[in-house]
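Notes to accompany the following structure.
The values are calculated or read from the model by the stated rules, or taken from the named source; none is laboratory data. Remember, it's a predicted structure, so these values are computed and weren't measured experimentally. Backbone-built Cβ (ideal geometry, glycine too); neighbour counts: all protein chains shown. These area figures cover heavy atoms from the full protein model, side chains too; ligands, DNA and RNA do not enter into them. Shrake-Rupley method; radii C 1.70, N 1.55, O 1.52, S 1.80 Å.
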Amino acid sequence: MTQSCLEIISDYGLRSIGIGERLLPRSDFTLCHEFTLIGSGLIWNLYFGLVAMALGFFLATALALAKTSPRAALRKPAEWFIFVFRGSPLFIQFFLAYELLVLLPRTGITLFDLTIETAWTTKAWAGALFVLFLNTSAYSAEIFYGALCAVPKGDLEAADAYGFTGWKKFRKVVWPTTLRLAWPAYTNEAIFLVHATTLVFFSGFPAYQQSGDALYYAKYFADKTYNPFIPYPIAAFYFVLVTLALIWLFGMVNRRLNRHLPGAQRPKLKVRPQIIR
């Protein structure tokens, strides 16, 4: 019995998160099957990218500030953290993280007579997210560090003239200027991060019950149909849409950060996605 496209969307639209048909279609694939399942898998890509980006922003800020610190006890750990995660391939980070997490005792870790479960750490939603969080934190920290170093001396002198010191000076002058300078590069990092989520289910982290991301389902259809020229362009199409949405969203923030400047002087957001890190 041939299914309509609406029935296919109803059955497989949320399959990647465990809602809908349990079994994947085995034959008689239609474009609707491919668009629906690949789009369903995109939910995982958005989850990994957006959550890692949101959490990584705060760690990146702390790392950037630590790297500018005159105290070696703060500066050196930040420098080494950034160096390690920027200096090693993300795929290897996924692989090593998974191999280390599976070495944890299956019964959990006992601390002070309390057993802490460890099985969940090998799930992609947790373990892979943690790796992406650390990776984007390192790259973003280097972006913020460069912006911190580029804050105009005149802005700092003006803050001193107004009597701003400590936290007030940082909050009202240093950090807003840092964000304005860093935002174009940070936009590129956000786009690259979402693209990098396609590595999750090709690394050590397995897909549970064939519930993977967009590229996982694209590969499934390519293997079944022996035709990669349909599913992979569909996956690329979805990522282009996500990229356009990110450019629009970050562009709005960029305009907000530069709202105090005259229209002709407001820097336009220039997006240059990184092909190779």
Looking only at the range 147-169, count how many residues are part of a helix (DSSP H, G or I), open to solvent by 40 Å² or more (accessible area, probe 1.4 Å) and either within 21 Å of Leu59 (Cβ to Cβ) or aliphatic (A, V, I, L, M) (or both). 5
Given the conditions (1) out of contact with any strand residue (DSSP E or B) (no Cβ under 7 Å at 6 or more places or on another chain); (2) farther than 18 Å from Met53 by Cα, every one holds for Leu90 apart from (2)
With the first residue restricted to the range 25-46 and required to be within 18 Å of Ala207 (Cα to Cα) and among the β-branched types (Val, Ile, Thr), and the second required to be open to solvent by 50 Å² or more (accessible area, probe 1.4 Å) and assigned to a loop (DSSP other than H, G, I, E, B), Cβ contacts under 8 Å at 6 or more apart or on different chains are Ile43/Leu14
Would you say Ala128 is over 29 Å from Val174 (Cα atoms), in contact with a Phe, Trp or Tyr (Cβ under 8 Å, 6 or more places away or on another chain), of a type in the set (A, V, I, L, M) and surrounded by 12 or more Cβ atoms within 10 Å (Cβ to Cβ)? yes
Consider the range 172-213. How many of its residues are within 15 Å of the chain's Cα centre (by Cα), in a helix (DSSP H, G or I) and closer than 27 Å to Tyr12 by Cβ? 9
Kindly indicate whether Thr197 is open to solvent by less than 20 Å² (accessible area, probe 1.4 Å), touching a residue at least 60 places away in the same chain (Cβ under 8 Å) and of a type in the set (Ser, Thr, Tyr). yes
Report yes if some residue within the range 49-57 is part of a helix (DSSP H, G or I), more than 30 Å from Ile234 (Cβ to Cβ) and either open to solvent by 60 Å² or more (accessible area, probe 1.4 Å) or touching a residue at least 40 places away in the same chain (Cβ under 8 Å) (or both); otherwise report no. yes
Of the conditions (1) surrounded by 19 or more Cβ atoms within 10 Å (Cβ to Cβ); (2) among the hydrophobic types (A, V, I, L, M, F, W, C); (3) in a helix (DSSP H, G or I), Ala236 clears all except one; give me its number. (1)
Filter the range 1-20 for residues that are outside any helix (DSSP H, G or I) and surrounded by 13 or more Cβ atoms within 10 Å (Cβ to Cβ); the one that is farthest from the chain's Cα centre (by Cα) is Gln3
